[in-house]
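Q: Structure provided below as structure tokens; questions to follow.
The values are calculated or read from the model by the stated rules, or taken from the named source; none is laboratory data. Bear in mind that the values here come from a model prediction, so they are computed numbers and not experimental data. Reconstructed Cβ throughout: ideal geometry from the backbone, glycine too, with neighbour counts over all protein chains shown.
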Amino acid sequence: MSWFALIFTATLLAQEPATGDAIMLNQIMREPGMIRTSYIEKALQRAGDGIAVSIARTQPRTALLDIVKASILIDVLAAAFENPSVIAEKENRNPGVSLLLLETIARETPDAAVQQKARNLILNLDALTH
């Protein structure tokens, strides 16, 4: 593990969960490849809808409309609900905020492929709630 990864992990662990989610999200937006690291992947899976709240709080609306950023955010939300049984907080198992963000992306992002990616995830998350 690199020094950067060690410092990043220590910083996340030292923060309150919501602050840690925001730090993790900002790091992913700067370096999208981070989403595939095992630590980030597990942290996202534990976050569930909490990461959507962090997106709403920290990302400007333009991020939902930008093709590259919107695609990254869809990947983040998909990872957050990849294994719902490990979501730490019971209230974060309901993808309400995630669905609102995905519906905005599907409706307003100018790229058809990103819109479809958002719609596919909406269908998957809808299945979790029914």
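Q: What's the total number of residues in region 109-130 that are at pLDDT 95 or above, among the acidic types (Asp, Glu) and part of a helix (DSSP H, G or I)?
A: 0
Q: Moving to a separate point now. All but one of (1) at pLDDT below 90; (2) under 26 Å from Arg119 (Cβ atoms) hold for Ala47; state the number of the condition that does not hold.
A: Answer for Ala47: the failing condition is (1).
Q: Mind checking which residues of region 70-91 are of a type in the set (Val, Ile, Thr) and in a helix (DSSP H, G or I)?
A: If the condition is that a residue be of a type in the set (Val, Ile, Thr) and in a helix (DSSP H, G or I), then Ile72, Ile74, Val76, Val86 are the ones that fit.
Q: Please work out if Ala70 is at pLDDT 95 or above, small (Gly, Ala, Ser) and surrounded by 13 or more Cβ atoms within 10 Å (Cβ to Cβ).
A: Spelling it out, Ala70 is indeed at pLDDT 95 or above, small (Gly, Ala, Ser) and surrounded by 13 or more Cβ atoms within 10 Å (Cβ to Cβ).
Q: Any residue that is under 24 Å from Asp111 (Cα atoms), touching a residue at least 24 places away in the same chain (Cβ under 8 Å) and in contact with a Lys or Arg (Cβ under 8 Å, 6 or more places away or on another chain) - is there at least one of those in region 36-59?
A: Looking for residues that are under 24 Å from Asp111 (Cα atoms), touching a residue at least 24 places away in the same chain (Cβ under 8 Å) and in contact with a Lys or Arg (Cβ under 8 Å, 6 or more places away or on another chain), one finds at least one in region 36-59, hence yes.
Q: Quick one: Leu101 ticks every box in (1) crowded, with 18+ Cβ neighbours inside 10 Å; (2) not in a helix (DSSP H, G or I) bar one, so which box is it?
A: Every condition holds for Leu101 apart from (2).
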